Structures are given as C-alpha cells and as structure tokens.
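Asks: Have a look at this one.
The values are calculated or read from the model by the stated rules, or taken from the named source; none is laboratory data. Everything numeric in this text was worked out from a predicted model, so none of it was measured. Reconstructed Cβ throughout: ideal geometry from the backbone, glycine too, with neighbour counts over all protein chains shown.
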Amino acid sequence: MSTDPSPPSDSALRDLDLRVPPFPRTLPSVLELLHEPGFTDPEDLTEIVQHDPAATARLLKQINSAYYGLRRSISDVGRAIRMMGTTTAAGSVVSLGMLRMDELADGPVEACFHRFIRHSEATGFLASSLLGPLSPADDGPAPESDVTQGEGFAEGLLHDFGKLVLFYNYPEKAAALYEEKRFAEHLQETDPRKLERFVFGCDHGQAGAYAALELNFPQTLVDVIRHHHPPHSETGDAPRRVLRAVRAANLAAKAMGAPLAGVAPTEEPIDWAACADRPVWRHWNPAPEAEGPPPDLMDRLRGKKEMVMLFTDFFVGASDAETPDRPSGEPLAA
C-alpha cells in the first residue's frame, strides 16, 4: 500500500471538512496591518486591540513584566503599544491567538502544542533577523530589540500554522504521529509531509493554507504557509526573499535543539553542519557561485540561541510572572 497519496487540490481540501480553529476576530485585521507597507502607526493597532479584552490584558501584562523593567506600571493599551513598538505588539496579539487554544494545551497534543509555539516564535525571530540584522544587504547590524519591526516576523511565526489546524482537527492522530512517532515505527516512509498526507489526507502546508484562506489571511502569508518547505516553488505573492528567510529560519531553529526544534512525524536530527549544507543559505553569500552560507553566518546564528530563548519565554508567557517589586532600569533583554 502506498504511503504517498496524491496531494489534494484546494477544492479537494474543502472536501476534507477541516474545521478552522476558533481564533479571535481581531487576528485577520492585525495580520493585514502587519503586511501594510511601512506599518508603524500605533493608533491603527490600538483601535483594533481595544475591542479585544484578552489582547488588551496580554499587552498590559507584557509591558509591565520584568522583561521591560519599567519603574511605573502602564495601564493604557495605546501607550503600551507605542512603548513596545507596533509590530512587536501586533506579533504578541497574533501569538495570543495561538495560545488561546486551551483545549489543545490540555489535550492529547499538549506537549506537541507547547513545542510548536516555541518553534514558531523562534522561527519568526530568526526570519526577521535574516531579513534585517543578518541580511547581506544591510550595511550594519540593527538593534536586536527591533527584530520584530522588520519583514518576515509574521511569516515565520505562522509558517507551521497547518500543524495547529491538524492538532485541532485530529488530536489523537496528531499525538500518535508527532509525539509517539507511532506511524514512523510501522511505515517505511521517511518524508514527513508524505506521512502527514497518509495519516490526515493532507500535509500541514496544505491544511494551513486552507485555514488561512478561510480566515482571510493576506495572500502573501498564505503562500508562505503553503510553500515554506522545498521543493515547493517560489511563485505566488510572497516575496522570494521572505520565503527563503522563513525556510532558513526554520532550519536554524531546529539546529538550536530542544525546545526550539518544533514537532515532526519522524526524527529529524539536524546539527549546524547539516543545517549549513542546505541550499537555501547560498542566498546569504555574496560570493559568486557560492554553495553555502557566509563563513560567519552560522556562528552568528548559533550565538543567538540564548536571545531566542528569552524571546520565546517572553511571548509564551514564561517571563510574564511578576513579583510585587519589579526590577527597575534596563529590561532583561535588549
């Protein structure tokens, strides 16, 4: 029996009757803002967020956390957004949309869900870094605190969106596939997406693209969700440099090891040497006919692991625990 069913078309995906996770109504609006050229106006985001009590509470909790180390508490969400930066605040609202999936956090895919969240946050951070501070087109490094002010953060954050859709629709099967590796033990197939198609009838790229379309995500984001794994083409509305950055960031996050490696239906151990061998890195090498990354790029990415861990702690809420007397002065991470 073949373990490689033909990938379904978009119309066939609708026949699978996938349920779209119940995300807040603010999510598509926030994503639209993130994809507007030169998105910097905090008033636009404030107008959306102030109608979502959970998003308002999250932003106020984060701005008053030890991560920022403010001397006085902030109670106005508009001011919180201005202080955090509009794109950072928008990214936090998008993250909240995923974290509000309480039934997943307490169900059979609980362990997968938490690893998925951390990997998604790490990939968003690294994709934005590769398009900003680590971009070969830049003359110098940008401040790390502004990493979510550039391109690629939302795309990296939501690249594996389809796994969340599969968790939601098939929690028991997803736990068996991703956590217990039960199907990999009994099948010869080693391609992760072929295994997903065998178990679910679609892979996570297809499931994510379907749900993203149903939720009216921007088309560029839909393209990244569907095509973030090679050998998919680099066609569509998504800029090639963004799609490549997401692919590279996905690899780099996996190379950083647990708990940033995410979930996969097969064991996919990848070290930095194997990561550097992937063809996508040649796009960061200005040398003619280069086959790999610039000599120092992998070292610079490896050096970001601690910062990425702090960043994911912040977004998943592990750094939000507060004591009555918060430290003053500089934030814990720049």
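Asks: Which residue out of Pro288, Pro294, Pro327, Pro331 is farther than 22 Å from Ala261 by Cα and at pLDDT 85 or above?
Replies: Values: Pro288 fails: at pLDDT 85 or above; Pro327 fails: at pLDDT 85 or above; Pro331 fails: at pLDDT 85 or above.
Going through Pro288, Pro294, Pro327, Pro331 in turn, just one is farther than 22 Å from Ala261 by Cα and at pLDDT 85 or above: Pro294.
Asks: Which residues, counting only those in the stretch 196-219, are assigned to a helix (DSSP H, G or I) and over 14 Å from Tyr178 (Cβ atoms)?
Replies: So the first thing to find is which residues in the stretch 196-219 are assigned to a helix (DSSP H, G or I), and the list is 196-200, 204-214, 219.
Matches in the stretch 196-219: Arg197, Gly205, Gln206, Gly208, Ala209, Tyr210, Ala211, Ala212, Leu213, Glu214, Gln219.
Asks: Do the conditions hold for Asp106, that is, is it surrounded by fewer than 21 Cβ atoms within 10 Å (Cβ to Cβ), within 20 Å of Leu164 (Cα to Cα) and either among the acidic types (Asp, Glu) or modelled with pLDDT of 80 or more (or both)? Let's see the steps before the verdict.
Replies: On the way: surrounded by fewer than 21 Cβ atoms within 10 Å (Cβ to Cβ): yes; within 20 Å of Leu164 (Cα to Cα): yes; either among the acidic types (Asp, Glu) or modelled with pLDDT of 80 or more (or both): yes.
Judged against the criteria, Asp106 is a match.
Asks: Do we find that Asp138 is at pLDDT below 85 and either outside the structural domain of Gly262 (by TED's automatic domain parsing) or over 16 Å from Ala253 (Cα atoms) (or both) in this structure?
Replies: Answer is yes for this residue.
Asks: I would also like to ask the following. Of Glu151, Glu144, which residue is surrounded by fewer than 23 Cβ atoms within 10 Å (Cβ to Cβ), modelled with pLDDT under 90 and either closer than 19 Å to Val30 by Cβ or touching a Leu at 6+ places or on another chain (Cβ under 7 Å) (or both)? I'd like the intermediate steps shown before the answer.
Replies: Working: Glu144 fails: either closer than 19 Å to Val30 by Cβ or touching a Leu at 6+ places or on another chain (Cβ under 7 Å) (or both).
Matching residue, one of Glu151, Glu144: Glu151.
Asks: Residues of the stretch 176-190 being assigned to a helix (DSSP H, G or I), more than 22 Å from the chain's Cα centre (by Cα) and at pLDDT 85 or above, which ones? Steps first, answer last, please.
Replies: Taking the stretch 176-190 as the starting set, the residues that turn out to be assigned to a helix (DSSP H, G or I) are 176-179, 182-186.
If we keep only those that are more than 22 Å from the chain's Cα centre (by Cα) too, we end up with 176, 182-186.
Passing the criteria: only Ala176.
Asks: Scan Arg193, Arg241, Arg247 and give me the residue that is closer than 27 Å to Asp299 by Cβ, assigned to a helix (DSSP H, G or I) and more than 16 Å from the chain's Cα centre (by Cα).
Replies: Values: Arg193 fails: closer than 27 Å to Asp299 by Cβ; Arg247 fails: more than 16 Å from the chain's Cα centre (by Cα).
Answer to the check: Arg241.
Asks: Is there any pair with a first residue in the stretch 257-274 that is over 20 Å from Glu189 (Cβ atoms) and in contact (Cβ under 8 Å) with a residue 40 or more places away in the chain and a second that is of a type in the set (Gly, Ala, Ser) and part of a helix (DSSP H, G or I) whose Cβ atoms are under 6 Å apart and which are 6 or more apart or on different chains, and what are they?
Replies: Leu260/Ala122; Leu260/Ala253
Condition check ((1) in the same structural domain as Gln219 (by TED's automatic domain parsing); (2) more than 21 Å from Ala154 (Cα to Cα)) across all residues:
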position: Ser29; (1), (2): no, no
position: Glu43; (1), (2): no, no
position: Thr46; (1), (2): no, no
position: Arg72; (1), (2): no, yes
position: Ala89; (1), (2): no, no
position: Val94; (1), (2): no, no
position: Ala111; (1), (2): yes, yes
position: His114; (1), (2): yes, no
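Asks: A follow-up question, please. Residue by residue through the stretch 253-288, note down the ones that are touching a helix residue (DSSP H, G or I) at 6+ places or on another chain (Cβ under 9 Å) and among the charged types (D, E, K, R).
Replies: Lys254, Glu267, Glu268, Asp271, Arg278 - these are the residues of the stretch 253-288 that are touching a helix residue (DSSP H, G or I) at 6+ places or on another chain (Cβ under 9 Å) and among the charged types (D, E, K, R).
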